[in-house]
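Student: One structure, as structure tokens, below. Some questions next.
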Amino acid sequence: MSVFKELQARGLIAQMTHPEEIERLLENEKVTFYIGFDPTADSLHVGHFLQMIVMSHMQRAGHKPIALMGGGTAMVGDPSGRTDMRTMMTTETIAHNVACFKKQFERFMDFSDGKAIMVNNGDWLMELKYIPFLREVGVHFSVNRMLTFDCFKSRLERGLSFIEFNYMLMQSYDFLKLHDEYGCTMELGGDDQWSNIIGGIELIRRSKGKEVYGMTFTLLTTSDGKKMGKTQSGAVWLSPEKTSPYDFYQYWRNVDDADVVRCIKMLTFVPLGEIAKLEKLEGSALNEAKRLLAYEVTKLVHGEETADQVEEAARAVFSQGQSSANMPTTEIDETAVKTGMSLLDIMVAAGLAPSKGEGRRLIQQGGVSVNDVKVEDVNLMIGEKYFESGEMIIKKGKKVYHKIVLK
């Protein structure tokens, strides 16, 4: 099966500029393509992971990926999908985030022998001179047309800053630069990038008289349209320091029944023939599909050894009700516990609740247990007696376990 048909069968393709030409190119030629990643944090997240899976499918089929780090575009901020302006970051923060992205990327892509390229658009965007840029690039853009794109139209009522209005021109210039320097003929991205991709294609056609192509892939959402990759405590990160491998595994283990097979198609390399068998499962039988999803995604992000460890930890907790060395753990100061520390403070410190108010609500709803005893007192104070076994286990809901130890 060609990579084009593979991406289609897995439900990854959302829109294409030239469907027939793109299918022919991907089936018969070696295409150099790119996806841009703005370093707005010091770790990639689940939304980025979907994009890297697409890049990996393409690379496995013999096509050449360019991973574009947005060291320049991050100075402006993409207005796509935003209801307000992004917080401006310093050059130091952006450089640090780019370095973090690069380390994570090397886990997913083969950069040996030029099989993939990683570049930073800060190398050319930061050196641009404004008037020459307007004459070379800006002259090809119609303000009237730009205002019809969703990324701008949805912001007009709330306010769109002039700096954000330049973002489309900068991303379009990236495509032109990569086309000239590396022979890049295709830009890929999430479906929210459609208008920015169109901008680059039109710029190259008008300035170079050449045809290039764009393809977007489906955004990672639940069956009812909600964006995936978010929890009560924030985004699901690929960095083990920001989202522990155990919590990462549990996120996928707990997806809704309606989403599990779709996630396996989009986020793993499990063969489509095997997935077809999973589509027939119903009810409790879907638990095996959820386990497969959680294991495969964790293995891709954190490695097989870590995936084995967290799966064992999850099995120990859920099957035998036991603690495990691989359970997510938070250290609490022993002196604070000796004098008495509230459970709410501990829950916030452990990331089990974003605030005391949310923790209080969880307890009132009967969703919190300590050492297998349901908590009814929202003002419960935790003392040394809760650590007689050397650790204290907090259970949130039916499936989230967290170990607290003293330091």
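The values are calculated or read from the model by the stated rules, or taken from the named source; none is laboratory data. Because the structure is a prediction, the values reported are computed rather than measured. Virtual Cβ from ideal backbone geometry, glycine too; neighbours counted across all protein chains shown. Surface accessibility is based on the protein's heavy atoms, side chains included, excluding ligands, DNA and RNA. Shrake-Rupley method; radii C 1.70, N 1.55, O 1.52, S 1.80 Å.
Student: Starting from the Cα of A235, step 7 Å along the direction of its Cβ; do the same at D110; then give the gap between the two resulting points in nm.
Tutor: Once both label points are built, they end up 2.9 nm from each other.
Student: Provide the solvent-accessible area of E106, counting protein heavy atoms only and rolling a 1.4 Å probe, rounded to the nearest 10 Å².
Tutor: The accessible area of E106 comes to roughly 120 Å².
Student: Take every Cα-Cα pair in the chain and report what % of them are more than 31 Å apart.
Tutor: Counting pairs separated by more than 31 Å, the tail of P(r) holds 46 percent.
Student: What's the magnitude of the charge dipole for segment 336-407 around its Cα centre, counting Lys and Arg as +1 and Asp and Glu as -1 at the beta-carbon? Answer in Debye, nearest 20.
Tutor: Roughly 260 debye, rounded to the nearest 20.
Student: Determine the dipole magnitude for the chain: charges of +1 sit on the beta-carbon of Lys and Arg, -1 on that of Asp and Glu, nothing else is charged, the reference point is the Cα centre, and the result goes in debye to the nearest 20.
Tutor: Magnitude of the dipole: close to 580 debye.
Student: Any chance you could look up the accessible area of F33 with a 1.4 Å probe, heavy atoms only, rounded to 10 Å²?
Tutor: Solvent-accessible area, nearest 10 Å²: 0 Å².
Student: Moving on to the next point. Compare R206, R360, R253, R135 by solvent-accessible area with a 1.4 Å probe and give them largest first, with all protein chains kept in place.
Tutor: Result of the area sort, largest leading: R135, R206, R360, R253.
Student: While we're on this one: Work out, step by step, the length gained on full extension between M126 and K399: first 0.36 nm times the residue separation, then minus their alpha carbon distance; give nm to one decimal.
Tutor: Full-extension gain reported as 93.5 nm.
Student: While we're on this one: Tell me which of G183, V400, N144 sits at the most positive position along the dipole axis of the chain, charges placed on C-beta atoms (Lys, Arg +1; Asp, Glu -1).
Tutor: Positive-end residue among those listed: N144.
Student: Roughly how many Å is it from the Cα centre of segment 1-45 to that of segment 334-402, as a whole number?
Tutor: Here the two parts' Cα centres lie 46 Å apart.
Student: Take the cross-link list K227/K299; K226/K398; K103/K210 and give me the ones stretching past 32 Å between alpha-carbons.
Tutor: K103/K210
Student: Calculate what fraction, in whole %, of the accessible area of the chain sits on carbon and sulfur atoms when a 1.4 Å probe is rolled over the protein chains.
Tutor: The nonpolar share, carbon plus sulfur, comes to 48 percent.
Student: Taking the Cα centre of segment 284-407 as the origin, how large is its charge dipole in debye, to the nearest 20, when only Lys and Arg (+1) and Asp and Glu (-1) carry charge on their Cβ atoms?
Tutor: It comes to approximately 500 debye.
Student: In the Gaussian network model of the chain, springs joining C-alpha atoms below 10 Å, which of L292, L128, L344 carries the largest mean-square fluctuation?
Tutor: So, out of L292, L128, L344, the one fluctuating most is L128.
Student: Would you tell me the accessible area of V270, worked out with a 1.4 angstrom probe on the heavy atoms of the protein chains, in Å² to the nearest 10?
Tutor: Counting only protein heavy atoms, the figure is 10 Å².
Student: Write down the accessible area per residue of the chain in Å², having rolled a 1.4 Å probe over the full set of protein chains.
Tutor: Numbers: 19260 Å² over 407 residues.
Heavy-atom accessible area per residue stands at 47 Å².
Student: Using alpha carbons only, how many angstrom separate the centre of segment 102-144 from the centre of segment 196-224?
Tutor: Value for the Cα centre distance between the two parts: 15 Å.
Student: In deg cm²/dmol and to the nearest 500, what is the mean residue ellipticity at 222 nm of the chain if only DSSP H runs of at least 4 residues count, each as -39500 (n - 2.57), divided by the residue total?
Tutor: Working: 19 runs with 183 residues, N = 407.
So the calculated ellipticity at 222 nm is -13000 deg cm²/dmol.
Student: Got a sec? What order do K396, K374 fall in by accessible area at 1.4 Å, biggest, i.e. largest, first?
Tutor: K374, K396
Student: Considering amide H positions built from the backbone, and no H for Pro or chain starts, which residues 5 or more places from W237, or on another chain, come under 5 Å of its amide H?
Tutor: T243
Student: Another one. Can you tell which of K242, K385, K102 shows the greatest fluctuation in a Gaussian network model of the chain with Cα springs below 10 Å?
Tutor: K385
Student: Here is a further query. Taking every DSSP beta bridge that has both residues in the chain, what percent is antiparallel when rounded to the nearest 5?
Tutor: 50 percent
Student: For the charge dipole of segment 193-300, defined by +1 on Lys and Arg C-beta atoms and -1 on Asp and Glu C-beta atoms about the Cα centroid, which residue among L220, W194, M266 has the Cα displaced farthest towards the positive pole?
Tutor: Projecting each Cα onto the dipole axis, the largest value belongs to W194.
Student: Then there is this: For T335, T185, what's the largest-to-smallest order of accessible area, 1.4 Å probe? Please list the in-between numbers first.
Tutor: Details: T335 90, T185 40 Å².
Highest to lowest solvent-accessible surface, that is T335, T185.
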